[in-house]
Amino acid sequence: MGACGERPELRRDARTLAKALSAVERGGDEAAAVVAGAHGRLGCARTVGITGAPGVGKSTLVQALGLALLGRGQSVAVLATDPSSPFSGGALLGDRVRMPELLARGGFVRSMATRGALGGVAAATSDAVDVLDAAGFDWILVETIGAGQDEVDVALEVETVVVLTVGGLGDDVQAAKAGLMEIGDVFVVNKADLAGAGAQAAALEAALALAPPSPWRPPVIETTATRGEGVAEVAAAVDAHQTFLDPGRRQELRWRRTSRRVERLLAGMVLERVRSAHAATWDSVVAAARSGELDPYAAAARLAALCFGEGS
Ligand SMILES: Nc1nc2c(ncn2[C@@H]2O[C@H](COP(=O)(O)OP(=O)(O)OP(=O)(O)O)[C@@H](O)[C@H]2O)c(=O)[nH]1
Ligand SMILES: [Mg+2]
């Protein structure tokens, strides 16, 4: 890992990047080759995830934050993941279209559909982050819908997680329902121009106060992303969290992420191997589980035994 300030010319040829990201999207050997090519040129980009329920203003905030970072003379790539593609098939071009200013100012924006990639959307995201990191971007902003475990996994692929909510949806802390309280480093209540933002911010503060003491205390910031209000505060909070991530903490994050990534890929590979090498048995065991003849543990154990050549 060389000195980040002395990296060679940015490899931001849009076509090369697009090809590499498409390979990552397809997964398999192609993705493996792209990731191998990026390996050894990683670790210089700062990575930030922006997650939250559909429509809370993630793309709007990402663009505004991206513009603030570009304004410092730094380079910015945005990755929008689309984990629920069957339901939001139309979102593919949407995120590009929603960030015209960022594109006009030289930001790179890419939406990813990750159907079928080995290890799912989190695997494809980490591969794509590698591609953009190796390409020399200073900042990689990952937008993802915070709606379930997949999205929590995606958020764990980045260093700084920004959880976006809005007010006016009742007393519940939306972030808590989606399992996002634990992973947020910065909490943002967007649409502060509408009613309920203050109450939502107070509810978040109250929920955070219940968390065990930790060396990083996540701030709660109100924004009106459409007007750029509060965006400088979000950028400052992201900076502060990045500073908090001293080399030791950053290294630890990277280790944990790498372990998860290896495990995820291994699990996917083993599953694929068993499925293709023992297709007939696979079908019959799954059928037996479906009919209730085998319980799920017994079915999984029987298929697992195939990996190690024990029984059939
Ligand atoms: N009033 C108000 N509207 C906003 C604000 N920020 C975003 N919006 C609007 O909210 C709508 C959704 O914004 P997006 O940025 O597309 O939200 P998103 O979270 O990226 O949406 P998905 O990617 O579809 O989940 C758009 O019509 C925005 O103009 C804000 O601060 N105030
Ligand atoms: Mg969006």
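A few remarks follow.
- Set side by side, the residues LEU118, LEU92, LEU102 differ, and just one is in a helix (DSSP H, G or I), at pLDDT below 90 and either over 13 Å from the mean Cα position of the chain (by Cα) or within 14 Å of ligand 2 (Cβ to nearest atom) (or both), which is LEU92.
- Selection status of ALA209, exposed (fewer than 13 other Cβ atoms within 10 Å of the Cβ), more than 20 Å from the chain's Cα centre (by Cα) and over 17 Å from GLN63 (Cα atoms): yes
- Verdict on GLY55 being within 11 Å of ligand 2 (Cβ to nearest atom) and within 30 Å of THR165 (Cα to Cα): yes
- Residue within the range 63-77 that is in contact (Cβ under 8 Å) with a residue 12 or more places away in the chain and either near ligand 2 (Cβ under 9 Å from one of its atoms) or more than 13 Å from GLY107 (Cβ to Cβ) (or both) present: no
- Elements of type helices (runs of 4 or more DSSP H) contained in the range 160-249, each with 2 or more residues being without any contact (Cβ under 8 Å) to a residue 12 or more places away in the chain and more than 16 Å from ligand 2 (Cβ to nearest atom): 197-209, 231-244
- Cβ-Cβ distances below 6 Å connect the following pairs, each with a first residue in the range 18-35 that is within 19 Å of GLY107 (Cβ to Cβ) and at pLDDT 90 or above, a second residue that is assigned to a helix (DSSP H, G or I) and of a type in the set (Gly, Ala, Ser), and a separation of six or more residues or different chains: LEU21/ALA128.
- Members of the range 120-139 found to be on the phi > 0 side of the Ramachandran plot and in contact with a Lys or Arg (Cβ under 7 Å, 6 or more places away or on another chain), listed by number: GLY136
The values are calculated or read from the model by the stated rules, or taken from the named source; none is laboratory data. All of these numbers come straight from a predicted model, not from anything done at the bench. In this analysis, Cβ positions are derived from the backbone assuming ideal geometry, glycine residues included, and neighbour counts consider all displayed protein chains.
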